[in-house]
Amino acid sequence: MATVVKRIEVRASVEAAWDAIRDIGALHTRLVPGFVIDTKLEPGARIVTFGNGAILREPIVTLDEAERRLVWTADAGRTRHYNASAQVFANGAGALIVWTADFLPDEAKPAIEAAMTAGAAAMRAALDYS
């Protein structure tokens, strides 16, 4: 199983970064604008439209307030298995977001790595304010 991990340091406080991540219906406005252009909620999941036109249904596995950790999966797409998490940690006056994806097949790694790199840049731009 392949894994991609992105460690994203932002100037936003840990509370502000977690608030943006936990707002699962606002990817396109608060967390990764441009990378995601629309998010719709349905019971237990979100439907995400990416900037490249791809649309994925992402069931929410857990939203853990105490650990500041969100876990989701994805239906269809390039993988036959996909599980991801974003967890927020204090980092001085800012925050560190650790975004991890585990997936099959391994051959999807270059595409997922590129997508997560673009997503991390969008997240940093959205949360890197003083």
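What follows is calculated from the coordinates using simple rules that are stated; it is not laboratory data. Fair warning: this is a prediction, and the values are worked out from it, not measured in the lab. Note that each Cβ is placed from the backbone with ideal geometry, even for glycine, and that neighbours are counted across all protein chains shown.
Structure above, values below:
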| quantity | calculated |
| --- | --- |
| Within the chain, helix-based [θ] at 222 nm, where runs of 4 or more DSSP H residues each add -39,500 (n - 2.57), nearest 500 | -7000 deg cm²/dmol |
| For Tyr82, Tyr129, order by how many other beta-carbon atoms lie within 10 Å, fewest first | Tyr129, Tyr82 |
| Two-site label geometry, Val98 and Glu15: point separation in nm, points 7 Å out along Cα→Cβ | 2.4 nm |
